[in-house]
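Engineer: Encoded as structure tokens, here's the structure I'll be asking about.
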Amino acid sequence: MEAFLCAAVGTVVNSAVGKAAEYTVDPIRQQLGYLINYKSKFQNLKDQRQELKDATERVKASVNEAKRQGDEIFNHVDGWLSEVECKMSDEVATHLEEDEKEAQRRCLVGLCPNLKSRFRLSKKAEEESKAIAKLLQRAKEFKTVSSHPNPEGMATRPIKDCQDFESRQVAFDEVMAALRDSNVSIFGVCGMGGVGKTTLVKQVASQAKQENIFDKVIMAAVTQTFEIKKIQDQLADELGLKFDEQSESGRAGRLLQRLKTEKKVLVILDDIWVTLDLEAIGIPCFGAGHEGCKILMTSRELNVLSSMGSQKNIPIKTLNEEEAWDLFKKMTGDIALRPDLHSTALEVAKKCGGLPVAIVTVGRAMRNKEHLFEWENALEDLRRPSQRNFKGIPAYAYSAIELSFKNLEDEEHQLTFLLCSIMGHNAAIEDLLKYGMGLGIFQGIHNVKKTRARVLTLVSNLKNSSLLLDCSEPDCFDMHDVVCDVAISIASRDRGWFTLGTDDEFDEWSDEETMKDCSLISLQDVSEVVDHELQCPNLTFFSMGRDKNISRYDSPQNIPNNFFKGLPKLKVLNLFNMQLVSLPISIDSLTTLRTLRLSGCSLEDITIIGKLKNLEILELHESVVKMLPGEIGELSKLKFLNLSFCYRLKIISPNVLSCFSKLEELYLNDSFCEWEIDEGRDDKPRSNASLVELQSLSNLTTLVAHIPQKQAISKDITFFGKLERYTISIGRSRWNRYEKFGTTRNLRLDLKPGIDLHDGVKTLVKKADNLCLDREGAEDVTLSLFMDLQREGFHGLKHFTISEVSKIKYLINPMNIEVFPVLESLTLIMLKDLETMCYGQLKARCFSQLRVITVKGCNTLKNLFSFSIVKELHQLKEIVIAGCENITSLIEEKRQEEIGNEEVTDVLKFSRLESLSLVKLPRLRAICCSKSKISSPFNQKVLFPELKELILYSVAVEKLWDDHQYQVMPLTTLHIECCHNLKYVFSSSMVKSFVRLKTLRVELCRDIEVIVLKEGSSMDRTSTVVFPELRQLKLKYLSKLKSFYSVSSGCDEASSSNSISIENLPTHEDRYLFDKKSMFPNLEELTLDGHSNGIKDISHVGDAQLLASQHFRKLKVVRLESSFEELLPALSQFLMSLPDLEWLNIDPVLPFALKPSDGLKLGNNILVPSSVSFQNLVTLVVSDCHKIKKLITPSTAKTLVQLQKMIISSCLNLKEIMQGGDSEDGEVKDENETICFPQLKELTLSSLREFKSFCSSENYKFQLPSLTTIILSRCPRMEMFSQGDSYTSSLCKVEFFDSIHNRVVKELSSGSLNNTISSFYLANLRVP
């Protein structure tokens, strides 16, 4: 039937009419084909689907391989796969099978096919086949399915173990500022190895990427063994650049071309050791046609950064102690906080020296160490790195520092660095000079002046290499602990140096194998010298001594007479702080000795030193020698003699000084000054030294001396003119030994009347860069000198002080000359006629370098500066004005000649002023004088953008700030004292301007009622006042203080006037010092006293715990001083709830106790009740609490697991520390209980007239394993330490002070603390 129908249809078609068939036959055939060829169409679709399946598998295999290689899949490939997934889904396959079956169905009882359905489904199959064919064709066009992505830059990858620290934030902000500064194109970060330079620049890179400062950020690690091609490859990889070129120059050109396609790009070059040629790498330098390229470098060497054109160098230092501990805890986990390990863990963290690389490594190593002996062993490893044991230092930290050492340019630098490592912290550069000269390190240099210049250069180079550090003193240097340990290890391993610190014991005197190879021995704390002859044939340097604070209590010491006999090559001998009876006779065998230092030694007879013929440097600093004998004159090669601070030295034998023909430098600070007046009389020989003797010393260039009699300077003395460095005082006044000049020519004149100055002294005056003119009746002479200097413009002076001279009405009269062009500090004291600083207009550069100005007791002075002077004070950092009764303002009104001058604006700025002290200025009303009414001294007329410290003492202002200025002030320290007109310090609207405040002290201000006054209508009264950075708060002797923060409804009106009204403060019943509206999230130290009559308690009792745990959560130190009538309920609860309290000082308070049933009440004799727990307390100080009889209960004692120091003094009725008798607070005693103070190291009991023992009960035993110091002073009734046994394994002796402060040290008697104490008091201080 089907064939019949087809034939019939064919007949119909063939018989179709004429011409039309030519145009319609093909479409009709196509339509009929859907009916006739439906099977082939479905088969074709199946074949196509199989082919697509095969193609899909091939593409997916390629995609998977590309993903394994980290490639990015093309979007069109992903799209193709998505389309295929739709085409090849199981649902589509099911539909296909159903369509094929449907096309085969018949109708009319199976006699006729369903033509309509077959046509539709056949056509659908053909269309599906065509769609699949297109997908197959597209697959054939895939040459590759992926591309290599630009790799994630090293600079912007996530940083592991990164932690935010305050000390790092400063450096981070500086780097970010430099990135944003269009004037900076190349800059660097400098710091020692392992300090965190790489981490910092990666953080910066990540931040720069987040902020879209650059289109591209790329980074390369240079390292010490760098290759240009490797650097180029690193940068190219991050740019997705492939080099076809092989030569360095060709690759450089290609890289440069690629970088120029980026509009803004940051290139980071990390760990640079030597100067790089940026153009040779392919990095565009500034001005090379790509201003959008910035270069950030890191290096240990400051010189390297500078040589590469760095426009700004940002130092990065080690972490401070708190930050280091936080990082260490993060690495170790909670194990470091375990009470029995905590103190040792702290020491281990400290020994890492704030070096992040060391902290992370050591911290991770200690993470699972649960035993104390493991921590103690680690601490010992860190303390004593040596050739046998440097495992305490992390391997890569050690390697990093050793690489820096090996990279030093020559042996001179290396040996100098190693010498620095044995000199301790804050070492003097002058000491390094003495050691270096003695050892002959500096080849080809033979005088002190050139040697000093060389030493300063070497120290500077070592600092630039990050191997040495700056310290607070300008003439000193420091070394990081970890660097020091590595240096000592290197010296020990490679050079035969033997070094022990203060915590080590030296027991190898007789070890011949160890000693014979030593070339240097340095022993920091030797209490006893054994009777032994040193046999060290190669030793060139020997140093031995004691801690200065300990040595003064030592018994006299002896060095055996033969001690130095076996040291044939010794060049440097340093003995310090030793109570020597005499020098051993074997010292005269040290024929090669060039440097001898005997600082702080109690020697009187030094005659034997005269036999050391080759000695060049002799130092008797702080010796008790009374006379410099004639034999010392035999030291003909002496170049350097230091007799400073030899207070007993009264005689220098005549003509001894003149024997030192090669002497270059003579130091007599606070020492010999009995200069004899040489009158040239042969019949009366001199009995002491004369200044004339120095006349013959042709090499003398440095003199430090005091000349009390001007007559000692004869007209014939001319050597003053050749002095290049001097610190000389002539007359009554001396230079203060603690003054740090920073200058090389210092002269102080305090002359008697009727004295003419000789030319030599006038030469000193003219050459001085630090001059102090004092008057002792010789006013005319001083005034004459001043007028001469004034006419010459004070050229060359860096520091100038003038005091007690009348007739000076103005300091300078410019007279068309440049005045004080290099002056850095100016001090004016009691110039009673001084009316103004400057007469007339200043010339350019006058005062342009002034940094500090101090004015005291100048009572005629009304203003300090004129408008024109302020304009020149670009460098001024500190102003101190004190005791000037008539000063009304710092800056006077515009003078006539300044009015109309466009350059003299109405708003003045002290652009760099950091510290301002205004003391005892009763008439001061304003900073800048004005005809308009001024409500407060600090307002918008004068700006202090860098002011960090403000001290106001006895200043009669009624209001400090303009309440309508809201800019953030940089102030970190505010100290207000005796300002009796003040009623409040801040208004609440001003608090947000002091977000950087760290220290706030308000004392003795009798009218202050609140610290922060909240204006009644200016803000929501429920808002909170926050001092986010405040670390220290001290409120003392404020008799009218009612609250720290309180509301006044009448303050708005008062804020715009000079009168201040504080109204509607809380009544006495509700007056609490703090409430929930005051927050101090970072406060660490709080000092309060009980003099305020208006305060009921520190807070409401119900708020005390919340305040302690949240608002004062970082509080570590609490001092309660003066007359608290009682320790108030909320205050006690507050103290108990502080989570981090480490130091509690109570001085004095009355007792309180807490009973479970009664709560807190007064009247008990125990200071701290049983309920109090101080688990973090480190220091406990209690003084002048006269009503307490017992300090703590056993329950509280058990919580003091971190206590390290306990000081109890002047508590007249105190009988025992821990309650041992009948319990008065309901505490139940356990018999034979052991109480441990695991960390207690120091116990001081002083002026306790009723005190008998630590604990009077036999029921308690005490474990004090860390106790090393017990000081007992004026405890006349003390009978024993405790009734129960006490175990003190670390204690060796007890220090006693009797009623007249005589000190007696007793060794522990038979190891028993009780026996030692009872025997002393029974024998010496028995009280009837």
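The values are calculated or read from the model by the stated rules, or taken from the named source; none is laboratory data. Since the structure is predicted, the reported quantities are computational estimates derived from the model, not experimental observations. Counting neighbours? That spans all protein chains shown, and the Cβs are built from the backbone with ideal geometry, glycine included. Accessible surface areas use protein heavy atoms only, side chains included; no ligands, DNA or RNA. Shrake-Rupley method; radii C 1.70, N 1.55, O 1.52, S 1.80 Å.
Engineer: Run Ile677 past the list (1) surrounded by fewer than 18 Cβ atoms within 10 Å (Cβ to Cβ); (2) under 27 Å from Arg594 (Cα atoms); (3) not polar (S, T, N, Q) and report the number of the one that doesn't hold.
Structural biologist: (2)
Engineer: When you check Asp475 against the structure, is it open to solvent by 20 Å² or more (accessible area, probe 1.4 Å) and more than 24 Å from Ser661 (Cβ to Cβ), yes or no? Full working, then the answer.
Structural biologist: Numbers: open to solvent by 20 Å² or more (accessible area, probe 1.4 Å): yes; more than 24 Å from Ser661 (Cβ to Cβ): yes.
Considered against the rule, which asks whether it is open to solvent by 20 Å² or more (accessible area, probe 1.4 Å) and more than 24 Å from Ser661 (Cβ to Cβ), Asp475 comes out as yes.
Engineer: Can you pull out every residue in region 1098-1116 that is in a helix (DSSP H, G or I) and under 32 Å from the mean Cα position of the chain (by Cα)?
Structural biologist: Once the filter is applied, which keeps residues that are in a helix (DSSP H, G or I) and under 32 Å from the mean Cα position of the chain (by Cα), region 1098-1116 yields Leu1107, Ala1108, Ser1109, Gln1110, His1111.
Engineer: Right, something else. Regarding Ala125, is this residue open to solvent by less than 60 Å² (accessible area, probe 1.4 Å), at pLDDT below 75 and part of a helix (DSSP H, G or I)?
Structural biologist: In short, yes.
Engineer: Considering only region 286-305, state which residues are modelled with pLDDT of 90 or more and small (Gly, Ala, Ser).
Structural biologist: Ser299
Engineer: Now a separate question. Identify all residues within region 739-754 that are open to solvent by 50 Å² or more (accessible area, probe 1.4 Å) and either modelled with pLDDT of 85 or more or in a strand (DSSP E or B) (or both); write none if there are none.
Structural biologist: Hits for region 739-754 are Thr744, Arg745.
Engineer: Also: Name the single residue, out of those in region 1250-1266 being buried (at least 22 other Cβ atoms within 10 Å of the Cβ) and in a loop (DSSP other than H, G, I, E, B), that is farthest from the chain's Cα centre (by Cα).
Structural biologist: Start the filter on region 1250-1266 by keeping residues that are buried (at least 22 other Cβ atoms within 10 Å of the Cβ), which leaves 1251, 1253-1255, 1260, 1262, 1264.
Narrowing further to those that are in a loop (DSSP other than H, G, I, E, B): 1251, 1254, 1264.
Values: Phe1251: 43, Phe1254: 40, Leu1264: 34 Å.
Of everything passing the filter in region 1250-1266, Phe1251 is farthest from the chain's Cα centre (by Cα).
Condition check ((1) at pLDDT 80 or above; (2) out of contact with any helix residue (DSSP H, G or I) (no Cβ under 7 Å at 6 or more places or on another chain); (3) not in a loop (DSSP other than H, G, I, E, B)) across all residues:
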| site | (1), (2), (3) |
| --- | --- |
| Ile1008 | yes, yes, no |
| Leu1013 | yes, no, yes |
| Ser1017 | no, no, no |
| Arg1021 | no, yes, no |
| Glu1029 | yes, yes, no |
| Leu1033 | yes, yes, yes |
| Ser1039 | yes, yes, no |
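Engineer: Just one of (1) modelled with pLDDT of 75 or more; (2) open to solvent by 50 Å² or more (accessible area, probe 1.4 Å) trips up Gly496, so point out which.
Structural biologist: (2)
Engineer: Report every pair of residues separated by at least 6 positions or lying on different chains whose Cβ atoms are under 9 Å apart, first residue within region 704-723 and farther than 15 Å from Ala768 by Cα and hydroxyl-bearing (Ser, Thr, Tyr), second part of a loop (DSSP other than H, G, I, E, B) and at pLDDT 85 or above.
Structural biologist: Filtered contacts from region 704-723: Ser714/Ser690.
Engineer: Which count do you get for residues in region 874-923 that are part of a loop (DSSP other than H, G, I, E, B) and at pLDDT below 85?
Structural biologist: Qualifying residue count for the region: 13.
Engineer: Further question on the same structure: Check whether at least one residue in region 425-439 is farther than 21 Å from Phe640 by Cα and either of a type outside the set (Asp, Glu) or open to solvent by 20 Å² or more (accessible area, probe 1.4 Å) (or both), and report yes or no.
Structural biologist: yes
Engineer: Considering each of Leu757, Leu785, Leu771 in turn, give the residue that is among the aliphatic types (A, V, I, L, M) and either at pLDDT 80 or above or surrounded by fewer than 16 Cβ atoms within 10 Å (Cβ to Cβ) (or both). First the steps, then the outcome.
Structural biologist: Numbers: Leu757 fails: either at pLDDT 80 or above or surrounded by fewer than 16 Cβ atoms within 10 Å (Cβ to Cβ) (or both); Leu785 fails: either at pLDDT 80 or above or surrounded by fewer than 16 Cβ atoms within 10 Å (Cβ to Cβ) (or both).
So the residue among Leu757, Leu785, Leu771 that is among the aliphatic types (A, V, I, L, M) and either at pLDDT 80 or above or surrounded by fewer than 16 Cβ atoms within 10 Å (Cβ to Cβ) (or both) is Leu771.
Engineer: Next question, about the same structure. How many residues, within region 856-873, are outside any helix (DSSP H, G or I), of a type in the set (Lys, Arg) and farther than 14 Å from Lys920 by Cβ? Steps first, please.
Structural biologist: Applying the first criterion (outside any helix (DSSP H, G or I)) to region 856-873 yields 856-866, 873.
Narrowing further to those that are of a type in the set (Lys, Arg): 856, 862.
Next, only the ones that are farther than 14 Å from Lys920 by Cβ stay: 862.
Number of matching residues: 1.
Engineer: Turning to a different aspect of this structure: Using the structure shown, decide if Thr198 is touching a residue at least 24 places away in the same chain (Cβ under 8 Å), in contact with an Asp or Glu (Cβ under 6 Å, 6 or more places away or on another chain) and assigned to a loop (DSSP other than H, G, I, E, B).
Structural biologist: no
Engineer: Residues that are aliphatic (A, V, I, L, M), assigned to a loop (DSSP other than H, G, I, E, B), modelled with pLDDT of 90 or more and open to solvent by 10 Å² or more (accessible area, probe 1.4 Å): does region 241-263 have at least one?
Structural biologist: Among the residues of region 241-263, not one is aliphatic (A, V, I, L, M), assigned to a loop (DSSP other than H, G, I, E, B), modelled with pLDDT of 90 or more and open to solvent by 10 Å² or more (accessible area, probe 1.4 Å), which makes the answer no.
Engineer: Give me the pairs: first residue in region 858-886 and within 11 Å of Phe910 (Cα to Cα), second residue open to solvent by 10 Å² or more (accessible area, probe 1.4 Å) and of a type in the set (Phe, Trp, Tyr), beta-carbon distance under 8 Å, and six or more apart or on different chains, which are they?
Structural biologist: none
Engineer: OK, next. Of all the residues that make up region 331-359, how many are over 25 Å from Asp271 (Cβ atoms) and either assigned to a helix (DSSP H, G or I) or touching a Gly at 6+ places or on another chain (Cβ under 7 Å) (or both)?
Structural biologist: 19
Engineer: Does any residue of region 926-936 turn out to be at pLDDT 90 or above, open to solvent by less than 70 Å² (accessible area, probe 1.4 Å) and of a type in the set (A, V, I, L, M)?
Structural biologist: Checked against the condition, which is being at pLDDT 90 or above, open to solvent by less than 70 Å² (accessible area, probe 1.4 Å) and of a type in the set (A, V, I, L, M), region 926-936 yields no hits at all.
Engineer: Look through Asn183, Asn150 and report the one residue that is open to solvent by 40 Å² or more (accessible area, probe 1.4 Å) and either over 30 Å from Ala221 (Cβ atoms) or modelled with pLDDT of 80 or more (or both).
Structural biologist: Asn183
Engineer: Tell me which residues, restricted to region 597-617, are touching a residue at least 24 places away in the same chain (Cβ under 8 Å), of a type in the set (A, V, I, L, M, F, W, C) and touching a helix residue (DSSP H, G or I) at 6+ places or on another chain (Cβ under 8 Å).
Structural biologist: Ile606, Ile608, Ile609, Leu612, Ile617
Engineer: Looking at Ser687, Ser658, which one is in a loop (DSSP other than H, G, I, E, B), of a type outside the set (Lys, Arg) and farther than 26 Å from Gln535 by Cα?
Structural biologist: Step by step, each of Ser687, Ser658 is checked, and only Ser687 is in a loop (DSSP other than H, G, I, E, B), of a type outside the set (Lys, Arg) and farther than 26 Å from Gln535 by Cα.
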